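A.B. asks: Structure incoming, see below.
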Amino acid sequence: MFPMVELKDVSTVYEGEKFPSIRNITLTIQQGEFVTIVGPNGAGKTTLLETVNGLLPSDGSIAVNNKNLKTDGTLIRKGIGYVPQEFACDSLTPFIVEDVVMMGRYGKMGLLRSPTKEDWTIVQGVMSFLSVDTLKHTPVGKLSGGQLQKVMIARALAVEPEVLLLDEPFSNLDMKSRSELTEKLTALNKKGLTILMVIHDRASIPSACKRIITLEQGEIVSDKKFKVIQ
């Protein structure tokens, strides 16, 4: 394994705020790790994901796959699949499911280029993997919360990411869907995908996760690793 995500003395302050949402974060995540971030509301969990993804200005040093976020941010984001906690989706949104999943390929193919056969193969593959292929012609505005959650995860996987960032991925799913998604994430992690996941319900942490980081008031207060049993 090698360092996939490295943060050194990282602090992030939202525009208009006086105090940082996360501060003095030093953290190394190895390639292939499955890490869960927990903590109370307002602890900085979402901010940490957004900072790693380069969505927020920050102090300190951030590297992903040995690339500096401040100088290689565009390149880094091409290798990150990110699923935010909330999605703004109007019922009249004209995009259908397969178009939304294809958006995950834009970073690789460029906005002004048409999808290739390979792009469509990847999109069809991740939709099938997450069992949303039967919805591919459905307008996303007509989806249930759980269906939309799966579609957004499929979009993130269409990136063919080196790192998968998930913010409350189980929030809109019923128990059966949670179990199915847990199995999918475990399978992806076994293939070497690095996963960094925010979650509020500790009972939903997959057994494949061998590291739990606890945030409180923007700081890491606990970082526990568990032995991997072969």
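A.B. asks: Kindly provide the set of residues from the range 1-35 that are open to solvent by less than 60 Å² (accessible area, probe 1.4 Å) and not aliphatic (A, V, I, L, M), ordered by number.
C.D. replies: Across the range 1-35, the qualifying residues are Pro3, Glu6, Ser11, Thr12, Pro20, Ser21, Thr28, Gln30, Gln31, Gly32, Glu33, Phe34.
A.B. asks: Another question, then. Looking for something closer than 14 Å to Leu165 by Cα, open to solvent by 30 Å² or more (accessible area, probe 1.4 Å) and within 16 Å of the chain's Cα centre (by Cα) - is there at least one such residue anywhere in the range 190-201?
C.D. replies: No.
A.B. asks: Collect the residues in the range 136-146 that are surrounded by fewer than 22 Cβ atoms within 10 Å (Cβ to Cβ), in a helix (DSSP H, G or I) and more than 19 Å from the chain's Cα centre (by Cα), keeping them in residue-number order.
C.D. replies: Within the range 136-146, Gly141, Lys142 meet the criteria.
A.B. asks: Also, I was wondering about something else. Which one of these is of a type outside the set (S, T, N, Q), open to solvent by less than 20 Å² (accessible area, probe 1.4 Å), over 18 Å from the mean Cα position of the chain (by Cα) and modelled with pLDDT of 95 or more: Val151, Val132, Val101?
C.D. replies: Val132
A.B. asks: Sticking with this one: How many residues does the range 57-98 hold that are of a type in the set (Gly, Ala, Ser), surrounded by 15 or more Cβ atoms within 10 Å (Cβ to Cβ) and in contact (Cβ under 8 Å) with a residue 24 or more places away in the chain?
C.D. replies: Residues in the range 57-98 being of a type in the set (Gly, Ala, Ser), surrounded by 15 or more Cβ atoms within 10 Å (Cβ to Cβ) and in contact (Cβ under 8 Å) with a residue 24 or more places away in the chain: 5 in total.
Okay, residues lined up against (1) in contact (Cβ under 8 Å) with a residue 60 or more places away in the chain; (2) of a type in the set (Gly, Ala, Ser); (3) assigned to a helix (DSSP H, G or I); (4) touching a Gly at 6+ places or on another chain (Cβ under 6 Å):
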| position | (1), (2), (3), (4) |
| --- | --- |
| Leu148 | yes, no, yes, no |
| Met152 | yes, no, yes, no |
| Pro161 | yes, no, no, yes |
| Leu164 | yes, no, no, yes |
| Ser171 | yes, yes, no, no |
| Lys176 | no, no, yes, no |
| Ser179 | no, yes, yes, no |
| Leu188 | no, no, yes, no |
| Ile195 | yes, no, no, no |
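A.B. asks: Out of everything in the range 207-230 that is closer than 15 Å to Gly32 by Cα and open to solvent by less than 90 Å² (accessible area, probe 1.4 Å), what residue ends up being modelled with the lowest pLDDT?
C.D. replies: Val228
A.B. asks: I've got another one for you. Which of the numbered conditions does Leu166 fail, given that it passes all the others? Conditions: (1) surrounded by fewer than 23 Cβ atoms within 10 Å (Cβ to Cβ); (2) over 17 Å from Arg105 (Cα atoms).
C.D. replies: Of the numbered conditions (1) surrounded by fewer than 23 Cβ atoms within 10 Å (Cβ to Cβ); (2) over 17 Å from Arg105 (Cα atoms), the odd one out for Leu166 is (1).
The values are calculated or read from the model by the stated rules, or taken from the named source; none is laboratory data. All figures in this text were calculated on a predicted structure; none of them were measured in a lab. So basically every Cβ, Gly included, is an ideal-geometry build from the backbone, and we count neighbours across all protein chains shown. Quick note on the areas: whole protein, heavy atoms, side chains included, nothing else; ligands and nucleic acids left out. Shrake-Rupley method; radii C 1.70, N 1.55, O 1.52, S 1.80 Å.
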